[in-house]
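Trainee: Before I ask anything, here is the structure I am working with.
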């Protein structure tokens, strides 16, 4: 952890000076400090949204250029005809079904409201018309703040025929099949081979475990200084449990495994400066499409690792620098109103990126040429 | 009351998925929670499992084959080939196709399924799977960020052993997927407390939805309005669940702890504090019925993490300090770095006392009907399942390599020092 931080600091020193000359970031930094209260997403959206908007738009334009006309039409909402052609039968079925179903449900539940005093009805307030399209979307009914709107570049392209009534549906298409009667498991538990017990607390008690952990940390020498609180070592505890909670045996084994495993995990978990920089340039290009970043920028890590790194990175100083830079770039464009042509901007972007990042792109090992946007 | 045995199911990879830019559902919250749990030392009080990953076959116990087949095949790369299916299965908008989608589903579903199985087998009294609780998924379509309904699949497993399973849902959204799955049966009672009205997602959950056919009166809905606070929530939750216990007498419970009912959630509109939310969990725990606890919604990452960490501590009966321990995610909890920050909300409580009383009475009257309902029979509860020891003895073929799980259990014997192939002192082992 600490090592990561220190590399990040180095990164800052290398990256910042050139940009600092262009614009004094103190106001930005101040602002940045104040939005602690806001949600994570706001900060995220500022950073990622800005960095990615123009690129996303460009790549979309490129895609559209190659698209067949029908797809393009569909993309822009001329989907009515298409949809009807595609699924007239389904439409019929669906509606029939839903009418039937809602009838049954209504019939069933009608009597009770009448028995109930109307007082409840009044308190109940406006009961919404349930077959609104909005009710199919969880997100659309949320309080959408400005920056989220930017994010949501999807268009609500729901098909007409799918706007079924929002009632609980009844029929074999909807309910689960309930197993009849009760049963015993057979000799073998269905999934016994697939799981892994990592720790079982009932075998040992607090003091002994703590003593073990103390001894274990003396062996493993974790990178973080041990404070007053004893930190748990997952690996050591797992080993203890594997040894049938025999502390001595576990310690003995720990001593044997430590040299190799410690260095292994260090190499695995620590990101090199190059990986970090490639990751950042990936975020600039692809936003939070971690799969694309993995494919084009950081092939040495899995997509899962990228996601994990992202969350640690976004709270680091390194990210603040990154976000400020992105903001500055946007400012720069805003200051040149003649600069609205996307192609110009695209080219300029490419140039500046090539200058700044070409030294980092030499990916050893896989020999892939730097990806073009 | 003897101490309940708690098992905790967590796949270390389940947090490393991403729904896409701007999507409020962030699976990485699960990694943050796990890190908090470890650093609070809570794992020392539970059995920790790296769970089974559910297969397509397991998912098809509830979902349609075609739908699961689609989930298995679709990726962001080949999505073009599936354009027709996307809208059919409601995939794309709220439920995007992201990298690793099927893996994600099989991880959280496997954990719930295994939790249910361990409960059936009396391996534990409480099973926790914070990655589960995706209650909107329908039999043949995705909905509200949910693709596979792990709750329904978990309940189906519980039904193998339990005549009556109770489902309680404290997510701010209606638990429509689970309610629909069990709408016609009296073997599962679904009780959901949620915001209802003004087109709030998913649009169902009216108090008049009470179930149908043999399931009539076995769906309980408690619609609430925005801004409900701890006091008001408790005023409804306690009497309703008490009545449910009295009239239904479930033999197992599944509790969905959606944390979007907390104040200041990005999508929710209630004003609960982590303590108020946790109070419900504590109440259910103290009913002393085998319980599967799952997660659910929750879109303000730091609050979800606080909430479920706190609730884990309640479930294992350990007090934890208000000051958060150091974790790699500490910065997310700025500026207070505490477990229970003060709740500041501009949302006004729109639930009047009269409204809450009326809705509680309405629910109570309906529940009374269950008592007289002829369809509740006293089922035979089966004897205890095969114990772990027996299982070991029944290990048949010595030539077949034994599983990791069994191996782990075998070494639990305290006087056994030999430990499998990798043991270095094989020669002097006393076989």
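The values are calculated or read from the model by the stated rules, or taken from the named source; none is laboratory data. As the structure is a prediction and not an experimental result, all values here were calculated from the model. Positions of Cβ are backbone-derived with ideal geometry, glycine not excepted, and every protein chain shown enters the neighbour counts.
Trainee: For the range B:47-63, enumerate the residues that are out of contact with any helix residue (DSSP H, G or I) (no Cβ under 6 Å at 6 or more places or on another chain) and facing chain A (nearest Cβ under 8 Å).
Mentor: B:47, B:48, B:49, B:50
Trainee: I would also like to ask the following. Mind checking which residues of the range B:297-340 are crowded, with 23+ Cβ neighbours inside 10 Å and out of contact with any helix residue (DSSP H, G or I) (no Cβ under 7 Å at 6 or more places or on another chain)?
Mentor: Passing the criteria: only B:300.
Trainee: Return the residues of the range A:274-309 that are touching a helix residue (DSSP H, G or I) at 6+ places or on another chain (Cβ under 7 Å), away from chain B (no Cβ under 13 Å) and either farther than 14 Å from residue A:322 by Cβ or not in a helix (DSSP H, G or I) (or both); say none if nothing qualifies.
Mentor: A:274, A:296, A:297, A:298, A:300
Trainee: If we scan the range B:73-94, do we find a residue that is within 22 Å of residue B:257 (Cα to Cα) and at pLDDT 95 or above?
Mentor: no
Trainee: Residues B:360, B:309, B:345: which one is touching a residue at least 40 places away in the same chain (Cβ under 8 Å) and either facing chain A (nearest Cβ under 10 Å) or under 16 Å from residue B:279 (Cβ atoms) (or both)?
Mentor: Numbers: B:360 fails: either facing chain A (nearest Cβ under 10 Å) or under 16 Å from residue B:279 (Cβ atoms) (or both); B:345 fails: either facing chain A (nearest Cβ under 10 Å) or under 16 Å from residue B:279 (Cβ atoms) (or both).
Matching residue, one of B:360, B:309, B:345: B:309.
Trainee: So residue B:156 clears everything in (1) surrounded by 24 or more Cβ atoms within 10 Å (Cβ to Cβ); (2) under 23 Å from residue A:170 (Cβ atoms) except one condition, right? Which one?
Mentor: (1)
Trainee: Looking only at the range B:114-137, filter to residues that are farther than 18 Å from residue B:12 by Cβ and in a helix (DSSP H, G or I); which one of those is farthest from the other protein chains (Cβ to nearest Cβ)?
Mentor: In this case the residue turns out to be B:119.
Trainee: Within the range A:167-184, track down each residue that is surrounded by fewer than 18 Cβ atoms within 10 Å (Cβ to Cβ) and more than 17 Å from residue B:157 (Cβ to Cβ).
Mentor: The answer is A:171, A:172, A:173.
Trainee: When you scan the range B:138-148, do you find a residue that is assigned by TED's automatic domain parsing to the domain that holds residue B:29, part of a loop (DSSP other than H, G, I, E, B), buried (at least 24 other Cβ atoms within 10 Å of the Cβ) and without any contact (Cβ under 8 Å) to a residue 40 or more places away in the chain, even just one?
Mentor: Looking for residues that are assigned by TED's automatic domain parsing to the domain that holds residue B:29, part of a loop (DSSP other than H, G, I, E, B), buried (at least 24 other Cβ atoms within 10 Å of the Cβ) and without any contact (Cβ under 8 Å) to a residue 40 or more places away in the chain, one finds none in the range B:138-148, hence no.
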